[in-house]
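Everything on this sheet refers to the single structure shown next.
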Amino acid sequence: TSGTAVTYEVANPSNNVEWTSIAYDSNADKYIVAWRGGDGDNYLYGCTLTVTGSAGSESISKGTTVQITTQNNRHDLAFDSTINQIACRYMNDNMYLKLRYLAISGTNITVGNEVSINSNNDAHGSNDDGWTQSIVHCDTAQRMFLIHSRGQDSNRIGFSTVSGGTATNNLSSY
């Protein structure tokens, strides 16, 4: 397929935006885009994007930018169809895995409470090589699945069920 690229500036270009991610909320029919600010600003920001029109005549409108967290080293977004919100998985400054749910109302984002996925720095190895984390929702299991590598250490795969502000984990080597 081919088409016309649509470019939209979502952040201040002087901030050297890093580590962008995007997820589609099929319930709200909108996207959330998230990014880490640069220039020493490690905060994680996000906004909604609404795409209207048809092929060849699309337009994009941007919602209000919100701060998702003040600590972010890597992040990923995935739509959770069980609760119709977008899960934002990130690592804080101590390299602990965290998650917040993002709810869309109109063109605004409501940021939920921080949920701890792990209480130690099991999300990475002793260096930055090979950091890979992803999160995806499984409709059949009605839970979020999280996968991450630990650099040069053994790989881990895990899933987390978030309910009532707590997370249960099942991390194992593979």
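The values are calculated or read from the model by the stated rules, or taken from the named source; none is laboratory data. Here the structure is a predicted model, which means the values were calculated and not measured. Because the Cβ atoms are built from the backbone with ideal geometry, glycine has one as well, and the counts that use them run over all protein chains shown. Keep in mind that these areas ignore ligands, DNA and RNA; they rest on the heavy atoms of the full protein, side chains included. Shrake-Rupley method; radii C 1.70, N 1.55, O 1.52, S 1.80 Å.
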Looking only at residues that are surrounded by 14 or more Cβ atoms within 10 Å (Cβ to Cβ) and within 19 Å of Phe79 (Cβ to Cβ) in segment 28-44, which one is nearest to the chain's Cα centre (by Cα)?
Ala34
How many residues are touching a Ser or Thr at 6+ places or on another chain (Cβ under 8 Å), under 27 Å from Thr140 (Cα atoms) and open to solvent by 40 Å² or more (accessible area, probe 1.4 Å) when one looks only at segment 58-82?
1
Of the numbered conditions (1) at pLDDT below 75; (2) open to solvent by less than 20 Å² (accessible area, probe 1.4 Å); (3) closer than 24 Å to Asp41 by Cβ, His124 satisfies every one except a single condition; which is it?
(2)
In segment 67-98, residue modelled with the lowest pLDDT [restricted to those that are outside any loop (DSSP other than H, G, I, E, B) and aromatic (Phe, Trp, Tyr)]:
Tyr90
Lone qualifier among Thr48, Thr64 - being in a loop (DSSP other than H, G, I, E, B), within 18 Å of Ala23 (Cα to Cα) and at pLDDT 85 or above:
Thr64
